[in-house]
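Encoded as structure tokens, the structure appears first; notes follow it.
The values are calculated or read from the model by the stated rules, or taken from the named source; none is laboratory data. All figures in this text were calculated on a predicted structure; none of them were measured in a lab. Note that we place each Cβ from the backbone using ideal geometry, even for glycine, and neighbour counts take in every protein chain shown.
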């Protein structure tokens, strides 16, 4: 039995995916401890998972609210404040993780790709670690755009020039965060590291993507696309009447963007014009007054719901382009209308279009425009056909169970786990 630490950004979607992986590791006889600032503990639901608090001085209880508020509005000057917060968090973790890992007696680290400190510190201690991409993988490939960019895939010279220019812009934007990575890599004696893509595991890299969804790209031999990391436990959902004969559309903008009333209102009007039922999951982001106004538009609203179960009943999903929701849509064969708002969502939306499983719209689109997109998704069978064609790859990917097998093999043998060479034992070592 091993004791493994999880280091990840304190965001709901990342913690949910990694908690599902942690549950599979626990089922295999291992101990799991999440390490982060005090506020992040509230994101965990499984009491079997331990939590170790760091950053009491620099990140005291209550301080996470500022970061989440900035992440909820990733535009304008706020993006620079958010990058500063993320840089300060990485710096704190780089300072405090070495002692924390020693205090809990960790045997290895499960590091979210979006938090460089996990890989940096593990590497500096000679401790095995695996990287997990809960969002789009951060591996650099000059033939495709970065995940945060909205560009479609193309291989012509002009497109490649645009990709190069956009990488320079992104690296300039992220300079403050990248400087923290560079500084601590040098202090740890790890050599030059310039960004998140330089902090990935050489033992195993795990992604929630599947074959056929991402752009064509070069990836390391230890890269494993396992599909959605989901817990077998289901949330209690609000009853929804799905028997009145009208198609059901499900809309969710994720936990950070659930406050966007105007966008939800536009979606509601598009669905009313199209004559379909709409269920909105606002994740607690809307006030009672705004919920009432949406209900007046003929919309059903709920804070949280059992998303996979609802998607199995829906004929289309309207989403911000979060990878979790899109992967759930693939699993339920539900066509996607992606309206990206920030982070890697433009990249996810571009891949929705590339893979042919849905359409992309601007956050500023009018309700007639959204109605036109819905008409196409509901009436053109090609989207469900392409989703259906993905199902063999999805089932073969293996999800959280296969991810746990990869993690276990990598962290216990300390040897690279290559694609197609996973030992599928039933219990931990």
Quiz prompt | Residue list for region 20-37, filter: in a helix (DSSP H, G or I), closer than 19 Å to residue 101 by Cα and in contact (Cβ under 8 Å) with a residue 24 or more places away in the chain | solution = 22, 25
Self-check item: Odd one out for residue 189 among (1) surrounded by fewer than 21 Cβ atoms within 10 Å (Cβ to Cβ); (2) under 22 Å from the mean Cα position of the chain (by Cα); (3) modelled with pLDDT of 95 or more
Solution: (2)
Practice problem: Would you mind telling me which numbered condition in (1) part of a helix (DSSP H, G or I); (2) touching a helix residue (DSSP H, G or I) at 6+ places or on another chain (Cβ under 8 Å); (3) crowded, with 16+ Cβ neighbours inside 10 Å residue 179 fails? | Solution: (3)
Quiz item: Got a number for residues in region 38-56 being within 19 Å of the chain's Cα centre (by Cα) and either assigned to a helix (DSSP H, G or I) or surrounded by 23 or more Cβ atoms within 10 Å (Cβ to Cβ) (or both)?
Solution: 4
Exercise. Give region 345-368 a look and list any residue that's crowded, with 24+ Cβ neighbours inside 10 Å and part of a loop (DSSP other than H, G, I, E, B), or say none.
Key: 357
